[in-house]
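Written below as structure tokens is the structure these notes are about.
The values are calculated or read from the model by the stated rules, or taken from the named source; none is laboratory data. Note that the structure is predicted; figures quoted are calculated from it, not measured. All Cβ positions, glycine included, derive from the backbone under ideal geometry; neighbour counts span all protein chains shown. Surface accessibility is based on the protein's heavy atoms, side chains included, excluding ligands, DNA and RNA. Shrake-Rupley method; radii C 1.70, N 1.55, O 1.52, S 1.80 Å.
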Amino acid sequence: MIYSILDKGDDVSRALAARFREQADRLGLKSDDETPELVVSIGGDGTMLQAFHRFRDQLDTVSFVGVHTGHLGFYADWQKDELEELVRLIAEAKPRIVQYPLVQAEIEQPDGKTVHLALNEFTLKSVDGTLVAGVYINGELFEMFRGDGVVISTPTGSTAYNKSVGGAILHPSLEAMQIAEIASINNRVYRTLGSSIVLPKHHCCEIRTEENEPLIFSIDHLVMQVDHVRTIRFRVAEQKISFARFRPFPFWNRVRESFIN
Ligand code: NAD
């Protein structure tokens, strides 16, 4: 299996990456940073998010595996003292490939459209305080949102920012996306649903804001300002991310290990 390593960039993850390469050389594994079959992320969940965005144009041919250098990560489920075992399994075993859904955002601006993919979530906030936005589901106005922002998450991202704002945890076998509110204003004048909603594949959530309102838009760990946005359309993406599982680690065990144990 041809591999590429993306490490967090600190001393611990760089040393682990060097250890990985040494053993991989001994076992005859080839590395290729342009068109690998397996991407090994060494660091934490943030490193896996970076690895995903680095290889998001090759999702049909690449699978991912994560090693964590700190506490157990949600995507980085191998520990540093298991590194040698992981390299041996990569050289000798055929992994089970599990595919998880992603969310796509299409941003419409006066000069055209751009399409983005998220592994965890997109968030939308206002630059100047309260976000005022129309939330449309399948073309019909669902609610007028006023508040800090919205989080549109994938099932695997449901354990990240979405969970912090009170969203539900979704199993990644569900091809769905979740829309959760961040501090919505609810009083006698303004009203939103007040809970998150889960949309299936082929449903579309559109968020429309005043065109002259600058927005803070985030894609996983990447945060940017977007201007003159007419509409952002969110839906479950056609593409999926593939994780290489060299041993079983069921989703609910990962949830328990990450949040309860
Ligand atoms: P970071 O360094 O701020 O870490 C955020 C934390 O989220 C880390 O503990 C990481 O392990 C955890 N995390 C990331 N993906 C996860 C997932 N799918 N399930 C469970 N936990 C997960 O930032 P980072 O490492 O660059 O990660 C970016 C992510 O941080 C964003 O995608 C977003 O989900 C999350 N975030 C969370 C909040 C919040 O909970 N209030 C706010 C901003 C960003």
What accessible area, in Å² to the nearest ten, does a 1.4 Å probe give for GLU140? 130
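Which whole-number percentage describes the relative contact order of the chain, with Cα contacts under 8 Å and a sequence gap of 6 or more? Mind showing how you got there, number by number?
Working: 604 pairs, mean separation 53.1, N = 261.
The normalised contact order for the chain reaches 20 percent.
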What 222 nm value per residue comes from the helices of the chain, counting each DSSP H run with n ≥ 4 as -39,500 (n - 2.57) and dividing by all residues, nearest 500 deg cm²/dmol? -5500 deg cm²/dmol
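So for region 75-150, what percent of the C-alpha to C-alpha distances run longer than 15 Å? List each step's numbers first, then the result.
On the way: 2165 of 2850 pairs.
When all Cα pairs of region 75-150 are counted, 76 percent exceed 15 Å.
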In Å, what is the Rg of the alpha-carbon atoms in the chain, and how long is Dmax? 19.8, 69
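If you rank THR69, THR154 by how much accessible surface each has, with a 1.4 Å probe, what is the order from largest down? Could the numbers behind the result be given before it?
Working: THR69 25, THR154 0 Å².
In descending accessible area the options line up as THR69, THR154.
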Which value, in nm² and rounded to one decimal, describes the direction-averaged projected area of the C-alpha convex hull of region 1-109? 7.7
Would you please calculate the Kirkwood hydrodynamic radius of region 100-202 over all C-alpha pairs and express it in Å, rounded to one decimal? 14.3
Angle between the Cα long axis of helix 45-54 and the longest principal axis of the chain, 0 to 90 degrees, nearest 10? 90
Rounding to the nearest 10 and keeping the result within 0 to 90°, find how far the Cα-based axis of helix 11-26 lies from the longest principal axis of the chain. 50
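List the trypsin sites (Lys or Arg not before Pro) within region 230-261 that fall in a DSSP loop (any state other than H, G, I, E or B) and whose Cβ has at most 16 other Cβ atoms within 10 Å. Spell out each step's value before the answer.
Working: sites: ARG230, ARG233, ARG235, LYS240, ARG245, ARG254, ARG256; in loops: ARG230.
The qualifying sites are ARG230.
If you rank ASP148, ASP11, ASP111 by how much accessible surface each has, with a 1.4 Å probe, what is the order from largest down? Walk me through the intermediate numbers first.
Numbers: ASP148 80, ASP11 115, ASP111 140 Å².
The residues order as ASP111, ASP11, ASP148, largest area first.
Give the residue list of trypsin sites (Lys or Arg not before Pro) in region 87-195 that are DSSP loop and have at most 16 other beta-carbon atoms within 10 angstrom.
Answer in residue order: ARG188, ARG191.
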Label model pair ASP227, LYS94: point-to-point distance (7 angstrom along the Cα→beta-carbon line) in nm is 5.4
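If Lys and Arg each add +1 and Asp and Glu each add -1, what is the summed charge of the other residues whose beta carbon sits under 11 Å from the beta carbon of LEU131?
Result for the local shell: -3.
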Run the 1.4 Å probe and let me know the accessible area of VAL165, rounded to the nearest 10 Å². 40
Percent relative contact order of region 125-261, based on C-alpha pairs within less than 8 angstrom and at least six residues apart? 23
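Once you keep just the Cα pairs under 8 angstrom separated by 6 or more residues, what percentage relative contact order results for region 142-220? Mind dumping the intermediate values first?
On the way: 110 pairs, mean separation 24.0, N = 79.
It comes to 30 percent, rounded to a whole number.
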Heavy-atom accessible area of ILE97 with all protein chains present, probe 1.4 Å, nearest 10 Å²? 80
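Find how much the distance from GLU85 to VAL115 grows on full extension, using 0.36 nm per residue of separation minus their present alpha carbon separation; answer in nm with one decimal. Intermediate results must be reported in sequence, preceding the final value.
Numbers: separation 30, 0.36 × 30 = 10.80 nm, distance 3.88 nm.
Taking 0.36 nm per residue and subtracting the Cα distance, the gain is 6.9 nm.
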